[in-house]
Amino acid sequence: MGISDFSCNVEFNYLPADVVGVESNIVGAKFDKNAWTILAAVDSVNHRFSATVTSFSDFTGGDPRPLAVTLSDFQAVAFKSFALLQWTTALEVDTVGFNVYRSTSLDGERLQLNAALIPPQGIGGVGGAAYTFVDTSPQPGAVYYYWLEAVSVSASEFFGPATVQTHFVTFLPQVQH
């Protein structure tokens, strides 16, 4: 005896935005075969969504709006007199540019290094691209923390930190016999 036809109602509760610290644009979704289907019944006042289940499936809840930038890599490399920052995006949606920040400690004040927004290179705003930025002002032997700010038409988000320790510049006397 197997179960072939069944139906039940399920309810999922989620934490409100003031508790988790993010905007509340929550929807429920059910995985059917090869795709996610958005559930229609969302109660944002009571922080829950529900669905009628007629088959076994995975369920989740989340914000379906894409992030402005999907970052696939962000790193900093120290050289003798500069630090090279490199980042790669996989997706840029409505991105207007990037800012680079540096600090001498993880929780220290962040100094913006670029004078103007670094323009996006993603084709049509929906592709990814590779970027570089050169910090020519680090002091020898210092540890620096770098953050990348992706600025979109409606918000911004930070990535990082990428950490480097700059090289000491050593001068040795020339010895002759």
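Here are some notes:
- Here is the figure for region 129-155: residues that are surrounded by fewer than 17 Cβ atoms within 10 Å (Cβ to Cβ) and either in contact with a Cys (Cβ under 9 Å, 6 or more places away or on another chain) or farther than 13 Å from Phe98 by Cα (or both) total 9.
- Where Val96 falls short, out of the listed (1) assigned to a loop (DSSP other than H, G, I, E, B); (2) over 15 Å from Pro161 (Cα atoms): (1)
- Filter pass, Thr52 being exposed (fewer than 12 other Cβ atoms within 10 Å of the Cβ), at pLDDT 70 or above and either assigned to a strand (DSSP E or B) or touching a strand residue (DSSP E or B) at 6+ places or on another chain (Cβ under 6 Å) (or both): yes
The values are calculated or read from the model by the stated rules, or taken from the named source; none is laboratory data. Because the structure is predicted, anything quoted here is derived from the model rather than measured. Backbone-built Cβ (ideal geometry, glycine too); neighbour counts: all protein chains shown.
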